[in-house]
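Let me begin by handing over the structure; questions about it come next.
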Amino acid sequence: MQNPENSLASCSIESLYCHHHKWLVGWLRRRLSNALQAPDLAHDIFLRILSKDSLPVIHEPRALLTTIAQGIVANFHRHQRIEQAYLDALAQIPESLAPSPEAQAIMLETLVEIDALLDGMPPLVRKVFLLSQIDGLRQSEIAQRCGISVPTVKRYVAKALEQCCFIG
């Protein structure tokens with residue numbers, strides 16, 4: 001017979017929460033540099049489960065929670081790196097030119113969204129797009145650098161622009 005702490009063949013979200021929330025918060029605390037974030041991330045994990053149309057039959061609740069948590073922890077660390085890079089860039093400009101706190105929050109949110117869009121692109125499409133948009137290389141230079149044809153460069157840039165501009 002399986003331990004009810006490890007398996008709930010047909011459980012409700014309340015049961016999942018009651019039996020595993022404390023364990024999940026502990027799991028998160030061990031993986032975060034700021035353990036105070038663990039309860040918030042645990043909340044996000046349960047919200048993600050609640051956002052599903054229907055709760056699946058869960059045979060291994062902790063495996064499910066761990067899988068979801070790993071993605072949320074990775075996103076959390078990624079967000080922290082982006083935020084630190086943004087704060088480092090802000091520190092380089094005179095305070096009188098710094099954007100308002102509201103504008104800073106909007107810019108940070110936008111950077112996180114752009115990062116997610118770029119992360120969702122195939123690696124070569126992302127590389128071609130960044131060489132075009134950030135480095136300002138001509139299509140022939142990108143083609144030569146990446147070992148692809150100019151029409152492929154055009155197609156990849158168009159694909160990346162479509163993904164960035166027509167999301168939602």
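Report relative contact order for the chain in percent, whole number only (criteria: Cα-Cα under 8 Å, sequence separation at least 6).
Details: 104 pairs, mean separation 28.3, N = 168.
Relative CO of the chain lands at 17 percent.
Among (1) 65, 45, 26; (2) 42, 39, 32; (3) 112, 29, 21, which one is Cα extents along the principal axes in Å computed from these coordinates?
(1)
Would you mind checking the tilt of helix 150-165 against the longest principal axis of the Cα atoms of the chain, expressed as 0 to 90 degrees and rounded to 10?
Orientation of helix 150-165: about 50 degrees from the principal axis.
Given only helices, namely DSSP H runs of n ≥ 4 each adding -39500 (n - 2.57), what is the per-residue ellipticity at 222 nm of the chain, to the nearest 500 deg cm²/dmol? Could you put the intermediate results ahead of the total?
On the way: 7 runs with 115 residues, N = 168.
Estimated from H runs of four or more residues: -23000 deg cm²/dmol.
In whole percent, what relative contact order does segment 69-160 give with Cα contacts below 8 Å and a gap of six or more residues? Spell out each step's value before the answer.
Numbers: 39 pairs, mean separation 19.5, N = 92.
Taking the mean separation of contacting Cα pairs over the length of segment 69-160, I get 21 percent.
Taking θ = phi - 60°, what integer Hz values does the Karplus form 6.51 cos²θ - 1.76 cosθ + 1.60 yield along segment 67-83, in sequence order, with x for Gly and Pro?
For segment 67-83, the Karplus-derived couplings read 4, 5, 4, 4, x, 5, 5, 4, 5, 4, 5, 4, 4, 4, 5, 5, 4 Hz, x marking Gly and Pro.
Where does each of 96-106, 128-138 land if you order them by average Cβ count within 10 Å, highest first?
Details: 96-106: 9.7, 128-138: 15.8.
Per-residue mean Cβ counts within 10 Å order the peptides as 128-138, 96-106.
In whole Hz and in residue order, list the ³J(HN,Hα) couplings for segment 96-110 that follow from phi through the Karplus curve 6.51 cos²θ - 1.76 cosθ + 1.60, θ = phi - 60°; x for Gly and Pro.
For segment 96-110, the Karplus-derived couplings read 5, 9, 5, x, 5, x, 5, 5, 4, 5, 5, 5, 5, 4, 5 Hz, x marking Gly and Pro.
For the modelled label position 7 Å from the Cα of S12 along Cα-to-Cβ, which residues of segment 38-58 have backbone nitrogen atoms closer than 18 Å?
46-47, 49-58, by backbone N distance to the label point.
Need the list of lysines near K154 for cross-linking: C-alpha distance under 18 angstrom, and skip anything on the same chain fewer than eight residues off.
Once the sequence-local lysines are set aside, what remains near K154 is K127.
Another question about this same structure. Note the angle between two axes, namely the Cα long axis of helix 38-50 and the longest principal axis of the Cα atoms of the chain, as a number of degrees from 0 to 90, rounded to the nearest 10.
90
Now for a separate question. Which of the aspartates and glutamates could be linked to K52 by a straight reach, that is with a Cα gap under 16 Å, when you skip same-chain ones fewer than 8 residues away?
Straight-line reach from K52, under 16 Å: E14, D44.
Values in this text are rule-based calculations from the coordinates and carry no lab data. What you see is a predicted model; the values in this text were computed from it and never measured. Neighbour counts are summed over all protein chains in view; Cβ atoms, including those assigned to glycine, are modelled from backbone coordinates with ideal geometry.
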